[in-house]
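The values are calculated or read from the model by the stated rules, or taken from the named source; none is laboratory data. A quick note: this is a predicted structure, and the numbers were derived from the prediction, not measured. We place every Cβ from the backbone using ideal geometry, glycine too, and count neighbours over all the protein chains shown.
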């Protein structure tokens, strides 16, 4: 005897007796109808909620697109471009400019020594190195024409001289940054500072030292 022969009498009994009982039992029939109606309403509610959500996303997308089109077609971007170009021009003027990087280093060295001599101090040692400029650790084509010059300066310590030199650094026509400043006290007190500036890389083939 196979499975279909076993189930056939049960199916026939359900069709003849149980289904008839369901038809004759009004309460059970109402419950089944109510369950079907509730299921349909839940489905419609879920579908309506999904449709409303998508409609809201569409409205927001259209509003964002309208704002973007207004910005692009308006005069905001040209004004921003003019501002950026003006700022770029100001920064370019503050870069150290020389026919070769070597001459730029010599000019930076001379500028630092003159600052100390101007206020009665002495720059005992100045060591300048050059390096490429990167953005987030990665080279960038927009700044490939720049190099960073860093001068490691050792000078006799005089508080008034150091303060005046730092004031000149802050007000210099060139962009100069104080990367490090250490004052060593004692019998041979001295000041150590790292000053950085930037040059346009007119001689890229020379590379960094």
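Some points to look at:
- Scan region 100-131 for residues that are assigned to a strand (DSSP E or B) and either over 35 Å from the mean Cα position of the chain (by Cα) or not assigned by TED's automatic domain parsing to the domain that holds residue 159 (or both) and the total you get is 4.
- Hits in region 120-148 - residues which are at pLDDT 90 or above and surrounded by fewer than 16 Cβ atoms within 10 Å (Cβ to Cβ): 120, 124, 125, 127, 129
- Residue count for region 175-201 satisfying the condition of being outside any strand (DSSP E or B) and surrounded by fewer than 17 Cβ atoms within 10 Å (Cβ to Cβ): 6.
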